[in-house]
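Contents: one structure, followed by commentary.
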Amino acid sequence: MKTTVLFAVAAVLAAPLSAETLNPAAEAAAQEERTQRVAQQLWDWAELGYLETRSSGLLQDELQQEGFAIEAGVADIPTAFVAEWGTGGPVIAILAEYDALPGITQSASPNRDPVADKHAGHACGHNLFGAGSLTAAIATKRWLEKTGTPGRIRLYGTPAEEGGSGKVYMTRAGLFDDVDVALHWHAADENTAAARTSLANRSGKFRFRGVSAHAAGAPERGRSALDGVEAMNMMVNMMREHTTMDTRIHYVITEGGAAPNVVPDFAEVFYYVRHSDADEVRALWPRLEAAARGAALGTGTEVEWEIIHGNNPLLVNETLARTMDAKLRQVGGVDYTAEERAWAEEIAGTFGDAAEPLENAVEIQPYETSLGYGSTDVGDVSWATPTVGLRTATWVPGTSAHSWQAVAASGHSIGHKGAQVAAEAVALMAAELFSNPELRAAARAEFEAARGTDYEYVSLLGDRDPPLDFRR
């Protein structure tokens, strides 16, 4: 009798657990320490786009220890990778970013405190993006394993989102062609799964070459490359009056000379052009090129340019967005401890009129569809496969991305908590997609209808190779 009972108990223990009763969010919650540890390490390193060797390696190591098969260096990008676990069934992808922004540093202090020996910072929270996505992928893998659900979970390590368009090269290489649904998330100052589109974007560096000379002793011999840059900028600024409402054009002079008494023989300006319609970006770009040629002609210099990156706008999938909204509400927002609230109040005090109630960190924003004015290379993924994302309150409400306040929170427990919320919501969404063929079919139908029957993918960066040295 005892033997029979033991065999019965062993059979129950060996049988797969029910997909309905095993909560994938709990699997993610059990790994909160991993989320915090990895997020903090990525924040400490703060590596720039295409140079994220240690950051990419850390994520790959964590996944390999969990049994994922790793393919590194995909799409001719040394820091890009694809990690997969599972067999058969649908393929669900989770995107992970990990690049920092140059020129902005900050400690985890709520007061302005640049870090002297760092040249970059996680002002867009990609350390949190990478860590949260890692936890979500591992939690989903454990859920698949324990429930015996067929399917493959993939984590895509995607470098250089900030101006490098890493995902575009991965899309162009066909790495998402067999994916059923792609999931992503982003750091933010609120919790939302709203169906928000983005702007198409193309960037380029315009390089002017002139003739150096003594600015006082022999000015007639000089031809200033900086004059070429400034003439181009003047013409483009006048052009703004004659563009459509959604147009965004911005630039920075990356090199303009070193001494006023030397006519600079080289100068460079780095431009971004954005619009909600990719075709409008394509139409605007030749006008920039014409301005560059005119500036060179008028200043007696020469000019050449290089397209650095280009992103298509996000293709919204409301079937998936409404489901993701439900998963986020199931998890809930970010609760502050008393210590965290005091820290957040200090940060909020630096915002002036832009400060928002701290209670927004725990609330979930209403579902809506809207146009976002940022750009992301997730856009190109969304034209290759149905894609959905969310944002969580990793930063103090009222924080702008690309600010020192965002850097501070991305290296603080507040940021870690927001990443954990994202990890749990993404894990829930992934499990739903594995379990619900009707949802996958509906998302695919909406996707195909939105793209159109004659759709053909075209990237905004052309056929150029990844600009692996653009941050050096």
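The values are calculated or read from the model by the stated rules, or taken from the named source; none is laboratory data. Treat the numbers as computed from the prediction; the structure is a model and nothing was measured. We place every Cβ from the backbone using ideal geometry, glycine too, and count neighbours over all the protein chains shown.
Odds and ends about this structure:
- Any hit, the stretch 446-460, residues being more than 24 Å from GLY103 (Cβ to Cβ), touching a strand residue (DSSP E or B) at 6+ places or on another chain (Cβ under 7 Å) and either surrounded by fewer than 24 Cβ atoms within 10 Å (Cβ to Cβ) or touching a residue at least 40 places away in the same chain (Cβ under 8 Å) (or both): yes
- Residue match in the stretch 160-170 (condition: within 30 Å of LEU22 (Cβ to Cβ) and either aromatic (Phe, Trp, Tyr) or at pLDDT below 95 (or both)): no
- Near pairs, Cβ below 8 angstrom, 6+ apart or cross-chain, from the stretch 316-329 (touching a residue at least 12 places away in the same chain (Cβ under 8 Å)) to any residue that is aromatic (Phe, Trp, Tyr): ASN317/PHE447; ALA321/TYR367; ARG322/TYR367; ASP325/TYR367
- The residue of the stretch 193-215 that is nearest to GLY389 (Cα to Cα), among those that are under 16 Å from the mean Cα position of the chain (by Cα), part of a strand (DSSP E or B) and polar (S, T, N, Q), is THR197.
- Whichever residue in the stretch 344-389 is aromatic (Phe, Trp, Tyr) and surrounded by fewer than 21 Cβ atoms within 10 Å (Cβ to Cβ) and, among such residues, is farthest from TRP185 (Cα to Cα): PHE351
- Boolean, LEU320 is assigned to a helix (DSSP H, G or I), of a type in the set (A, V, I, L, M), touching a Pro at 6+ places or on another chain (Cβ under 9 Å) and not assigned by TED's automatic domain parsing to the domain that holds ARG221: yes
- The strands (runs of 3 or more DSSP E) located wholly in the stretch 74-172 that include 2 or more residues which are farther than 25 Å from ALA26 by Cβ occupy 81-87.
- Residues of the stretch 214-230 satisfying the condition of being in contact with a Gly (Cβ under 6 Å, 6 or more places away or on another chain) and under 19 Å from GLY204 (Cα atoms): ALA225, LEU226
- Residue count for the stretch 398-442, restricted to those that are of a type in the set (S, T, N, Q) and part of a helix (DSSP H, G or I): 5
- Selection count where residues are surrounded by fewer than 20 Cβ atoms within 10 Å (Cβ to Cβ) and within 16 Å of THR140 (Cβ to Cβ), scope the stretch 66-89: 7
Okay, residues lined up against (1) farther than 30 Å from ASP246 by Cβ; (2) assigned to a helix (DSSP H, G or I); (3) not assigned by TED's automatic domain parsing to the domain that holds VAL281:
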position: LYS327; (1), (2), (3): yes, yes, yes
position: VAL334; (1), (2), (3): yes, no, yes
position: ILE347; (1), (2), (3): yes, yes, yes
position: ASN360; (1), (2), (3): no, yes, yes
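Every residue, every condition in (1) modelled with pLDDT of 95 or more; (2) over 19 Å from MET324 (Cβ atoms); (3) assigned by TED's automatic domain parsing to the domain that holds SER109; (4) not polar (S, T, N, Q), yes or no:
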position: GLU340; (1), (2), (3), (4): yes, yes, yes, yes
position: ALA344; (1), (2), (3), (4): yes, yes, yes, yes
position: THR350; (1), (2), (3), (4): yes, yes, yes, no
position: GLN365; (1), (2), (3), (4): yes, no, yes, no
position: VAL378; (1), (2), (3), (4): yes, no, yes, yes
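- Evaluating VAL262 against the criteria (1) among the hydrophobic types (A, V, I, L, M, F, W, C); (2) crowded, with 18+ Cβ neighbours inside 10 Å; (3) not assigned by TED's automatic domain parsing to the domain that holds GLU162 leaves one unmet condition, (2).
- Checking the stretch 63-71 against the condition returns a match, with at least one residue being of a type in the set (Asp, Glu) and in a loop (DSSP other than H, G, I, E, B).
- Tally, over the stretch 58-82, of residues that are of a type in the set (Gly, Ala, Ser) and more than 18 Å from the chain's Cα centre (by Cα): 4
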